[in-house]
Amino acid sequence: MVRTSLAVLVIDENRIRAAIIEAGLREAGHERVTVIHDVAGIARRIAEIEPDVIVIDLENPNRDMLENMFQLSRAVKRPIAMFVDRSDQASIEAAVDAGVSAYVVDGLRQERVKPILDMAVSRFNAFSRMARELEEARSELESRKVIDRAKGILMKSRGLSEEAAYTLLRKTAMNQNRKISDIAQSLVTAAGLLRPAEDE
Amino acid sequence: MSMGAAHQITAGFMPLFDSAVLVAAGELGFAAREGIELTLHRETSWANVRDRIAIGHFHLAHMLGPMPLACNLGLTPLASETIVPFSLGLGGNCVTISNAAWEGMAAHGAVADLDPARAGAALGALIRERAAAGRDALRFAVVHPHSGHNYELRYWLAACGIDPERQIEIVIVPPPFMADALAAGRIDGYCVGEPWNSASVAAGTGHIVTVKAQIWRNSPEKVIGVRKAWADENPEALAALLRSLHHSARWCQDPANHGELAAVMAQPGILGLPPAVQMPILTGHLQLGGGAELDIDDFFVPFDKAANFPWKSHALWYYTQMVRWGHVAHTPDNLAIARDCYRPDLYRSALKPLGVALPGANSKVEGALRLATAVGATGAGLVLGPDGFFDGQIFDPDEIDAYIAGQKSALARFLL
């Protein structure tokens with residue numbers, strides 16, 4: 001099926017995401033994958049690698065520099081076009097939505113490149129999902145910490161048990177139609193403000 | 001406001017000060033007063049702006065003046081037809097060079113007066129001296145190949161007898177990286193908008209040697225590029241937006257508002273730089289390096305001098321420079337594409353209800369006005385110019401072939 005393997009260059013400053021894409025490409029049988037995190041000296045690297053497909057993240061401010069380099073085509077032997085087929089609007093949209101862009105050596109057939117692009121798009125999306133879940137987990141941990149501190153303040157200042165302190169927080173949150181962590185944060189902030197000054 | 005707005009418009013911008021008229025329209029309520037909910041998206045590259053216009057994420061964007069031409073001429077990887085109904089101002093760029101290159105230029109007669117001819121002569125002498133000593137060519141950076149920066153840098157160098165294709169190297173660097181690249185010695189000079197020139201001067205790592213406002217006074221820079229398919233289907237939304245940009249530009253020009261404008265642009269989601277850094281472009285009072293400072297007339301003009309009018313002669317001048325430097329072939333079809341890209345008709349019809357001064361012509365002879373001049377216009381009086389090129393040349397858009405041929409023969413002289 002694959003006559004000669006394509007040389008794929010991944011340019012991504014995010015090392016974790018780049019590693020995920022590289023792994024995906026290798027699983028799909030692409031052996032000639034190169035990952036670059038830093039664009040310094042990239043012209044020489046591209047000349048060495050002679051990539052057929054270049055995948056780059058859209059957040060990279062160096063896209064203008066790279067495109068100019070492709071067009072001058074001194075570093076890259078053959079002209080590079082973005083995507084295989086400009087008429088494939090859906091895949092272009094999916095790529096931009098996912099935050100990835102691709103450049104392909106002119107003349108490469110669509111069926112050879114499309115799977116690489118689709119893979120990059122799905123891995124970019126998976127990475128975004130993972131980053132979002134990580135952020136949610138982090139903020140949940142933060143909430144739990146602040147609730148623990150609020151409970152501690154209530155237990156100390158009002159002589160409540162841990163369970164009673166939590167119940168009071170929960171009731172207040174329900175009455176005010178707010179999240180428990182918000183009520184806890186307000187309490188912690190207020191307690192900090194009301195704490196007797198030690199140095200004055 | 002959001003639910004009640006008659007028009008929803010999404011616009012992209014790059015973190016550069018000359019996005020101010022668009023940003024202020026959104027941030028200060030000029031758009032809302034015209035019934036527009038304007039959503040602004042900051043982008044990280046011009047390629048992203050172009051792609052998001054092409055796939056319809058953005059209806060319009062802050063763009064480099066030649067960029068819509070490049071899209072329509074098929075010079076970019078992914079593009080949709082883009083038109084220009086509004087210009088975001090005149091001037092605003094500088095050429096900054098490293099301390100080492102400045103010392104070399106000073107040894108050949110450069111002084112801190114920003115005079116393009118004197119600075120160019122000194123730079124030419126330095127370049128010849130370096131070549132004779134077998135040293136590497138100086139490396140300059142611009143922000144994009146299809147940019148006012150690239151074309152004005154090349155124009156200046158060529159008019160001073162320096163061949164930008166052979167005697168120096170020109171590379172692309174994103175604006176926020178310019179000062180660092182200069183400080184690290186990766187480049188010897190650059191042409192970029194503010195605040196990225198003053199940034200090198202403030203860091204003590206560069207000297208401003210000349211400015212766009214002296215290479216070509218009151219010359220075009222950024223524009224509003226609009227996806228043509230959207231403009232065709234939404235003429236009322238576009239007209240309302242152009243009126244809001246007109247009011248925003250008038251507000252931005254008024255010195256009484258400069259402090260507030262600087263604060264708006266300083267916000268983390270816009271430029272994310274302190275307000276003080278925004279002031280040189282607004283006052284035209286620049287530190288040049290080494291303690292020298294200068295007041296520059298018409299350094300950046302967001303509204304006066306018909307700054308927002310999308311002159312076809314501006315687009316055609318860019319076209320001649322694209323031809324000059326081999327970016328596009330000069331053919332009747334390409335010329336027609338360049339002629340149709342800027343749309344003064346849309347600007348005029350949107351602003352007509354306001355009863356403001358509007359130029360009567362779509363094109364003008366560029367470089368002909370030695371002094372500020374009142375011109376024929378509908379509505380109240382209108383003052384244009386001065387608009388001279390520093391080398392005294394004139395661009396007559398009715399004589400494009402002769403202009404291109406003249407520059408080609410001037411170029412050929414370098415190769416002798």
Residues in the stretch B:162-195 that a label on A:Ala40 would reach, taking backbone N under 19 Å of a point 7 Å out along Cα→Cβ: B:171-189
Length-normalised contact order of the stretch B:1-112 in % [C-alpha pairs under 8 Å, at least 6 apart]: 26
Span-like helix ranges in chain A, DSSP H, alpha carbon extent 20 angstrom or more, Kyte mean at least 0.5: A:180-194
Cα-based Lys pair tally, chain B, threshold under 30 Å, eight or more apart or on separate chains: 22
Point-to-point label distance, B:Gln287-B:Glu236, nm (Cα→Cβ direction, 7 Å offset): 5.2
Cβ charges +1 (Lys, Arg) and -1 (Asp, Glu), total dipole of the stretch B:356-414, debye: 120
Per-pair calculated FRET efficiency, R0 = 22 Å: B:Thr39 and A:Arg132 via Cβ, rounded to 0.05: 0.55
Sequence-distant lysines (8 or more away, or on other chains) whose Cα lies within less than 16 Å of A:Lys171: A:Lys151, A:Lys179
Mean shadow area of the stretch A:8-132 over all directions, Cα convex hull, nm²: 7.1
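Suppose R0 equals 51 Å; then what is the FRET efficiency for B:Asp340 and B:Ala276 from their Cβ-Cβ distance, rounded to the nearest 0.05?
Computed FRET efficiency for B:Asp340 and B:Ala276: 0.75.
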Positive-pole candidate from B:Leu90, B:Ala100, B:Ala131, dipole of the stretch B:76-136, charges at beta carbon: B:Ala131
Bridge type composition, the protein assembly as shown - antiparallel percent by DSSP, nearest 5: 60
Positive-end residue, chain B charge dipole about Cα centroid, Cβ charges, pick of B:Phe300, B:Ala239, B:Thr331: B:Thr331
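If the only charges are +1 at each Lys and Arg Cβ and -1 at each Asp and Glu Cβ, what is the size of the charge dipole of the stretch B:93-215 around the Cα centre, to the nearest 20 debye?
140
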Estimated FRET transfer efficiency when R0 is 22 angstrom, pair B:Glu169-A:Gln71 (beta carbons, to 0.05): 0.85
Fully extended contour minus Cα-Cα distance, from B:Gln8 to B:Asp254, at 0.36 nm per residue: 85.7 nm
The stretch A:1-33 and the stretch A:146-162: distance between their alpha carbon centers, rounded to Å: 53
Top positive-direction residue, dipole computed over the stretch B:157-297 with Cβ charges, set B:Gly204, B:Pro275, B:Gly290: B:Pro275
For residues of B:69-82, the mean tally of beta carbons on other chains within 10 Å: 2
Potential lengthening between A:Glu111 and A:Ser5 on full extension [0.36 nm per residue; Cα-Cα distance subtracted]: 36.8 nm
Counted charge near B:Cys191, where neighbours are those whose Cβ lies closer than 13 Å (Asp, Glu -1; Lys, Arg +1): -1
A:Asp182 versus A:Glu59: modelled label distance in nm, points set 7 Å from Cα along the beta carbon direction: 2.8
DSSP-assigned coil residues among trypsin sites (Lys or Arg not before Pro) in the stretch B:156-230, each with at most 11 further Cβ atoms within 10 Å: B:Arg166
Nitroxide proxy distance, nm - points 7 Å out along Cα→Cβ at B:Ala125 and A:Glu13: 4.1
Choice from A:Ala94, A:Ala19, A:Ala150 showing the highest fluctuation, given a GNM over chain A with Cα pairs closer than 10 Å: A:Ala150
The protein assembly as shown - mean residue ellipticity at 222 nm from DSSP helices (-39,500 (n - 2.57) per run, n ≥ 4, rounded to 500): -14500 deg cm²/dmol
Unit charges on C-beta of K, R, D, E only; dipole of chain B, Debye: 360
Fluctuation leader among B:Leu369, B:Leu316, B:Leu90 - chain B, Gaussian network, Cα springs under 10 angstrom: B:Leu369
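Read the figures in this text as sums done on the coordinates, not as results from a lab. None of the values given here were measured: they were computed from a predicted structure. In this analysis, Cβ positions are derived from the backbone assuming ideal geometry, glycine residues included, and neighbour counts consider all displayed protein chains.
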